[in-house]
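Engineer: One structure is given below, represented as structure tokens, and several questions about it will come after.
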Amino acid sequence: MIGAILGDMIGAPYEFDRGDKTKDFPLFSRRSHFTDDSVMTVAVAEALISSYGKSDDEIRAVLVDSMQKWGKRYPNAGYGCMFSQWLTTKDPQPYGSYGNGSAMRVSSAGWLYDDIETTRRMAALTAEVTHNHPEGIKGAEATASAIFLARNGSNKDDIRQYIVTEFGYDLSRTCDEIRPIYHHVESCQETVPEAITAFLEGNDFEDVIRTAVSLGGDCDTLTCIAGGMAEAFYGVPDEISEECYKRLTDDICEVIRHFNAKVAEMQI
């Protein structure tokens, strides 16, 4: 999960095509801060842990409660208009979105379950409470699936093949082909394939992050998605992780610690 938060934090200064579409940039600056991507990543992680083993309906209810709680705690994190309304509604309902928000918040689902079928089902649940359009659900499932496969030792060719076969995303373009024409777009179908491509091309955790940011567009979210995959495949260097924690609040750090303990417990 820390990889996704790092992607959000490092990509944030360059969102809305504010970067130069280069991999050569300061990894951290005074503008490197967490946004709504990290807040909702934490909210979903907390919900999945606290509702572990419960029914789908119970999990959905806990997801809604957690997302609204964290959204109210950090009301100025940069939410989209429709999601902002959802956060403050007494009886919030899904609103047919295929936005990339479903994919950016799902990384914990890739770590918490023992098989890919359960991983995909849980990823779908995290999407459905808001982003119940088929593309919104697909984006969440694809992201969690890539993380699951990466943490369980699949190589990149196998991950690519699974994503293409199961979800139909076009992963044939290189980042050099994507970069010149890529622009700010917030749909899953134009963010998730690009994030996966950045992950597949990267040579280590930092290189994945730099590659994702270099594509431009909605690059805090794109890099959040790619960063979750990169963590699962490469791990996160201690010095980068430590810099991230310095920029997080105590309550967010506490959820991350709880999440890491849960993942470690499952691996025993």
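Engineer: Treat every Asp and Glu Cβ in the stretch 187-264 as -1 and every Lys and Arg Cβ as +1, leave all other atoms uncharged, and give the resulting dipole magnitude about the Cα centre to the nearest 20 debye. Write out the running numbers ahead of the final one.
Structural biologist: Working: 5 positive and 16 negative charges, 42 e Å.
Charge dipole, the stretch 187-264, about its Cα centre: 200 debye, nearest 20.
Engineer: May I ask you to give the average projected area over all directions of the convex hull of the Cα atoms of the stretch 15-96, in nm² rounded to one decimal?
Structural biologist: On the way: hull surface 29.8 nm².
That works out to 7.5 nm².
Engineer: Measure of size requested: the Rg and Dmax of the stretch 1-154, with Cα atoms as the atom set and Å as the unit; please supply both.
Structural biologist: For the stretch 1-154, the Cα-based Rg and Dmax read 15.4, 47 Å.
Engineer: Please state, as a whole number in µm²/s, the translational diffusion coefficient that the Stokes-Einstein equation yields for the stretch 154-268 at 20 °C and 1.002 mPa s, with Rh defined as the Kirkwood radius across alpha carbon pairs.
Structural biologist: Result for D is 140 µm²/s.
Engineer: Treating only the Cβ atoms of Lys and Arg (+1) and Asp and Glu (-1) as charged, compute the dipole magnitude of the stretch 107-250 about its Cα centre; round to the nearest 20 debye. Intermediate results must be reported in sequence, preceding the final value.
Structural biologist: Working: 11 positive and 27 negative charges, 44 e Å.
Its charge dipole is roughly 220 debye.
Engineer: Could you size up the charge dipole of the stretch 2-266 around its Cα centre, putting +1 on the beta carbon of Lys and Arg and -1 on that of Asp and Glu, and report it in debye to the nearest 20?
Structural biologist: 520 debye
Engineer: I would also like to ask the following. How fast does the stretch 205-268 diffuse by Stokes-Einstein, in µm²/s, taking the Kirkwood radius from C-alpha pairs at 25 °C and 0.890 mPa s? The partial results should precede the final answer.
Structural biologist: Values: Rh = 13.1 Å.
Once the numbers are plugged in, D ends up at 188 µm²/s.
Engineer: Sticking with this structure for a sec: Beyond 26 Å between alpha-carbons counts as too far, so tell me which of Lys54/Lys138; Lys21/Lys72; Lys156/Lys246; Lys23/Lys69; Lys69/Lys262; Lys21/Lys69 fall in that bin.
Structural biologist: Values: Lys54/Lys138 23 Å; Lys21/Lys72 34 Å; Lys156/Lys246 32 Å; Lys23/Lys69 36 Å; Lys69/Lys262 21 Å; Lys21/Lys69 36 Å.
Flagged as over cut-off: Lys21/Lys72; Lys156/Lys246; Lys23/Lys69; Lys21/Lys69.
Engineer: Mind jotting down a quarter of the surface of the convex hull over the alpha carbons of the stretch 124-188, in square nanometres, one decimal? Show your work: numbers first, answer last.
Structural biologist: Details: hull surface 21.0 nm².
So the Cα hull casts an average projection of 5.3 nm².
Engineer: Turning to a different aspect of this structure: Ranking request for peptides 105-113, 85-93, 121-129: highest mean number of other beta-carbon atoms within 10 Å first, then the rest in descending order.
Structural biologist: On the way: 105-113: 27.3, 85-93: 12.7, 121-129: 24.2.
Ranked by mean Cβ neighbours within 10 Å, highest first: 105-113, 121-129, 85-93.
Engineer: In addition: Please give the length that would be gained between Asp176 and Asp114 if that part of the chain were fully extended, namely 0.36 nm times their separation in residues minus their C-alpha to C-alpha distance (nm, one decimal).
Structural biologist: Separation in residues times 0.36 nm, less the Cα-Cα distance, equals 18.8 nm.
Throughout, read-outs are computed from the coordinates displayed, never taken from laboratory work. Fair warning: this is a prediction, and the values are worked out from it, not measured in the lab. So basically every Cβ, Gly included, is an ideal-geometry build from the backbone, and we count neighbours across all protein chains shown.
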